[in-house]
């Protein structure tokens, strides 16, 4: 019995290895495209970042000058700080609301499917289209939001039209738009949990809050970390809504790294400097991702 | 005694259910209200749109804003551009990405998967700086080709990512049986794995299409006057050339309506795809 099994394994192992090599043929076409539109641009960006490269004039090699200029550039430093501030807020609120929403949507109720679909509409809708509607709602004189605030006896806000309130306003839109993605990922985790611990806890007379805190939360923790990683990356590279609602303004009050990169490359056509920003921005995103991924692995182990 | 206890219990349950209903209502109302306000702005006259206090319900509703969107702009041209770009980018991504997802899943090439994940992590704008220069050298600016090519940056990773997950979930026995019977790997893929993976392909198609349709950043940099996609057109043309809110809201509604309808129709597939991979374009 055991000898036949061993013989089978012996036959199947080289065969499998052979198959594994042939599967690469399936990956090559997509690999070529990925190389062309993803890897090649990265390499080219690195090259451009050591050139003084303006559209319409000849590039000249400047070594690391773009980088030294970058680290001395106050506008870049502020953009980095702003990006981190925006990201912290635009991660915290969607995470909080998303986990709460996932718990709510896990419970069966009348028309749950429809309610869930409506809930995810903000993340599926065209960002530019909804950002334009938000812009109209934020209008200090004619906007519906200030009407609602004043009707409730609250002072009106200048929303995206004021340097102090612009980032919280953009965080509000980002939260509205991306809470659903956090909800979906955490809901997927909740749905895959085993039922036994709950039944045991119920027999022991645990309250639903106790069950959430001591059973659901620890079990669903890896999914929460995944949602956290994805949300953080998306918040770092948020562009559409910021660009449409405030274009980085007023002044540079909401200029994040992505907006600064856009202006540098496609308003001033300073491609070399823009490439240096891209490289540093990319390193920042990879660092944050690595920290979060290692946190995820730790959460998975414990 | 027990009757009183039972009644009190059900009253508490009723209060709990009511609270729960209110919580659900509070969760979904921001989504509903923004879209309703979009609809309201699109259906009102300019006088009503700029009235303060605001007019909430259009009375009577007017289609004038929609008429103006089509009359004053080349909206049909932009719509056609969007259709060409999104269908091409999605079709090409399926052609390339479905076999790639199969290959990666079967050979357990986690490094290839990681490369795809990095594409998901990097901002779309970072590809645009080099690609913009390359397209200028190739003389491709002013056509739809560069826009389609850049949309592959979004659609290919989505399709590959969804398909890896799907092919990994398929039972391997059927294919192995076919291979033992002398089928080539291509035949096993074409006749066994591919038909089984049809639900996964549906999910990948819908998500790739939606995120390509919604994409703004590639078009805003690469599109010329004639090659604008809808999100770019609604931002560029309408915002700068018409400051009135009604036509702008009507155009915004037209741009996003196909995606909203698709979400309502295919919510099951979309939820399945997003839950599994957390995919998103841009």
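In this entry, the range A:164-221 is assigned a mean projected area of 5.2 nm², taken as a quarter of its C-alpha convex hull surface.
Enter the mean number of other protein chain beta carbons within 10 Å of the beta carbon of each residue in B:44-53, as an integer. Write down the numbers at each step before the final one.
Numbers: counts 0, 0, 0, 0, 0, 2, 4, 1, 7, 5.
Partner-chain Cβ atoms within 10 Å, mean over residues of B:44-53: 2.
In the elastic network of chain B, a GNM with C-alpha springs shorter than 10 Å, the most mobile of B:30, B:231, B:99 is B:30. Could you give me the percent of Cα pairs per 10 Å distance bin for chain A, shortest bin first, beginning at zero and ending with the bin that holds the maximum distance? It works out to 5, 18, 23, 23, 17, 9, 3, 1, 0, in whole percents. Expressed as a fraction of 2.2 N^0.38 Å, the value expected for a compact globular protein of N residues, the C-alpha radius of gyration of chain B is 1.30. Each part reduced to its alpha carbon centroid, the range B:163-229 and the range A:112-129 end up 24 Å apart. Stretching residue A:72 away from residue A:150 to a fully extended chain increases their span by 23.6 nm, per 0.36 nm per residue minus the current alpha-carbon distance.
Within 10 Å of the Cβ of each residue in B:103-109, the mean number of Cβ atoms contributed by other protein chains is 6. Spherically averaged projected area of the convex hull of Cα atoms, the range B:73-137: 6.4 nm².
Which of A:266, B:218 has the fewest other C-beta atoms within 10 Å, and how do the rest follow up to the most?
Details: A:266 19, B:218 30.
Fewest-to-most ranking of A:266, B:218: A:266, B:218.
Can you give the percent of C-alpha pairs in the range B:157-274 whose distance is more than 23 Å? Roughly 51 percent, once rounded to a whole number. Quick one: Debye curve from the alpha-carbon atoms of the range A:156-283 only, equal weights, vacuum; give me log10 I(q)/I(0) at q = 0.09, 0.23 Å⁻¹ to two decimals. Computed log10 I(q)/I(0) values: -0.44, -1.24. If the segment from residue A:81 to residue A:213 were pulled out straight at 0.36 nm per residue, it would be longer than the present Cα-Cα gap by 44.1 nm.
Mind sorting A:204, B:59, A:234 by how few other Cβ atoms lie within 10 Å of their own Cβ, fewest first?
Values: A:204 8, B:59 11, A:234 23.
Exposure proxy ranking, most exposed first: A:204, B:59, A:234.
Before anything else, pin down the relative contact order of chain A: Cα pairs under 8 Å, at least 6 apart, normalised by residue count, whole percent. Taking the mean separation of contacting Cα pairs over the length of chain A, I get 28 percent.
Would you mind calculating the gained length between residue A:28 and residue A:65 on full extension (0.36 nm times residue separation, minus the Cα-Cα distance), in nm to one decimal? List each step's numbers first, then the result.
On the way: separation 37, 0.36 × 37 = 13.32 nm, distance 3.80 nm.
Length gained, residue A:28 through residue A:65: 9.5 nm.
By the beta-carbon count within 10 Å of each Cβ, the least crowded to most crowded order of B:127, A:269, fewest first, is A:269, B:127. Each peptide in B:84-97, A:100-113 gets a packing score, the mean of other Cβ atoms within 10 Å over its residues, and the list from highest to lowest is B:84-97, A:100-113. Most fluctuating residue of A:258, A:58, A:146 in a GNM of chain A with Cα springs under 10 Å: which is it? Among A:258, A:58, A:146, the largest GNM mean-square fluctuation belongs to A:58.
Would you mind estimating how fast the range A:65-198 diffuses translationally, via Stokes-Einstein at 10 °C and 1.306 mPa s with the Kirkwood radius over Cα pairs, in µm²/s? The partial results should precede the final answer.
Numbers: Rh = 17.7 Å.
Approximately 90 µm²/s, per Stokes-Einstein.
On the principal axes of its alpha-carbon atoms, the protein assembly as shown has extents of 92, 86, 48 Å, going from largest to smallest. Over the Cα atoms of the range B:177-216, the radius of gyration divided by the Kirkwood radius equals 1.28; this is the Rg/Rh ratio.
Read-outs throughout are calculated quantities, based only on the coordinates presented, and are distinct from any laboratory measurement. It should be emphasised that the depicted structure is a prediction, and the values quoted were computed from it without experimental measurement. Here the Cβ is made from the backbone with ideal geometry for all residues, glycine too, and neighbour counts use every protein chain on show.
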